[in-house]
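First up is the structure itself, then whatever we jot down about it.
The values are calculated or read from the model by the stated rules, or taken from the named source; none is laboratory data. Please read these numbers as outputs of a predicted model, since none were measured by experiment. Cβ placement follows ideal geometry from the backbone for every residue including glycine, while neighbour counts extend to all protein chains displayed.
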Amino acid sequence: MKKVITYGTYDLLHYGHIRLLERAKELGDYLIVGVTSDDFDKRRGKINVQQSLIERVQAVKSTGLADEIIIEEYEGQKIDDICNYGIDIFTVGSDWVGKFDYLKEYCEVIYLDRTEGVSSTEIRSKNRSLNLGIVGSFNFIQKHLNESKYVNGLEITKINSEDKIPKHMLKEYNLTVEDDYDKLLDSVDAIYIATNPDKHYEIIKKAIEKKKHVLCESPITLKKEECKKLLALADKKGVVLMEAIKTNYANAYMRLMLLAKTGVVGKIVSVDATCTSLRQLEELGEKKITNYQNSICAWGPTAMLPVFQLLGTKYKEKHITSLLSDKNKNFDLFTKISFDYKDATATIKVGKGVKSEGELIISGTKGYIYVPAPWWKIDYFEVRYEDPAKNRRYFYQLEGEGIRYELISFLRAINKKTKVGGIKKDTTLAIVEVIEDFYNKKKNTI
């Protein structure tokens, strides 16, 4: 029996894919199809995949052409698969000519001509293009412009900012500065918001009323009731309102969450997260720092994220302790919050005027998960036990601080018509409630 193997992402399976599989099938008696995992695609820089691994595997299976489907997860796996499965022929599209010649040592390599005029990339660009506008500071605009070029099917064309945007950047990205927010909304499909959070409610509300999808830096609002209203309005209008905490979309973080919930360290009884930074405070001084740049708003949502995702939002009690600035009573140089659950506890520490080790520790009855500083830019974590020989390390590629993954998730939520993408509603509301209590002085002050 002659065995043939081929690999692909098979995103948005189309006629070109099917024709290639048909021709691969004709080369032998048994066809194995390797579908690349999301992790491997991201490591190769292919982050614009619109469908999940399960959806792509199901699409290949539905063709009836594959005798066996496997998952490609790591560099060098092709050699392992060829040897382990006793492969006679490796085949792939002609756009890879020469790339896999090294496999000729192990089996015959055949490059098949691709079907002209059919491409998943083109399909994504034509059918799933999103015109995105940005409202916010130059820092946020610059980062998202740089990252958007890696995201197929998304284009940033209009911006609204109080900061002066360099002319070379406007020319390079073909951008238009639109000072009138209403006009900006009329010319885009979706809006990314990175302004002071006390302005979020009105800005978001206006966007949703015009049926524009919204990606907003956390916290979405400073009041829980306002956040509830916006979530309900988004649901009513059939648009996506998505919270932007870029750590949530990093591949390593998602894997960590899944692993922790499997009980790999036993029952989770404690989550401790620390996020601090001094640079902005040193550059601008306390008087020029806005509420959006204080410790609780800038770092609070990120630090609270793993707490609520692992332990839930139904804590029994919380205690907020802050060191406030003498010059701005809404500016916390440092805030520590402890959450008491029925059978667990959590602590977050955030600071713009205090520096500490920015690590994440998830403690369980069998072991613990350790993420070194800066944990919010996670690309590596360890699972540790009493017996060090059982410890395991996990590495995942992180590009662009997670922003490009965040944009991809936003696109997916819109394309799949998900009412609220990314972070669950109860987590979003819990984050806002804690921050609202901070401003209502429901805390101890040191």
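Couple of notes before you dig in:
- Considering (1) more than 25 Å from Met254 (Cα to Cα); (2) crowded, with 16+ Cβ neighbours inside 10 Å; (3) in contact with a strand residue (DSSP E or B) (Cβ under 6 Å, 6 or more places away or on another chain), the lone condition that Lys355 does not fulfil carries the number (2).
- Tally of residues being surrounded by fewer than 19 Cβ atoms within 10 Å (Cβ to Cβ) and either at pLDDT below 95 or among the hydrophobic types (A, V, I, L, M, F, W, C) (or both) across segment 358-376: 2
- In segment 324-352, the qualifying residues are those that are among the hydrophobic types (A, V, I, L, M, F, W, C) and outside any strand (DSSP E or B), and the one that is surrounded by the fewest Cβ atoms within 10 Å (Cβ to Cβ) is Ala344.
- Residue count for segment 246-267, restricted to those that are without any contact (Cβ under 8 Å) to a residue 24 or more places away in the chain and under 24 Å from Glu217 (Cβ atoms): 1
- Filtered by the rule that a residue be free of Cβ contacts under 8 Å to residues at least 40 places away in the same chain and aromatic (Phe, Trp, Tyr), segment 134-181 gives Phe138, Tyr173.
- Pair list, Cβ < 6 Å and 6+ apart or interchain, from segment 330-349 residues that are closer than 12 Å to Phe308 by Cβ to residues that are in a loop (DSSP other than H, G, I, E, B): Phe339/Tyr315; Tyr341/Tyr315
- Only one entry in Phe410, Phe381 is under 18 Å from Pro306 (Cα atoms) and either touching a residue at least 60 places away in the same chain (Cβ under 8 Å) or buried (at least 22 other Cβ atoms within 10 Å of the Cβ) (or both), namely Phe381.
- Single residue of segment 219-272 satisfying the filter (among the polar types (S, T, N, Q) and not in a helix (DSSP H, G or I)) that is surrounded by the fewest Cβ atoms within 10 Å (Cβ to Cβ): Thr262
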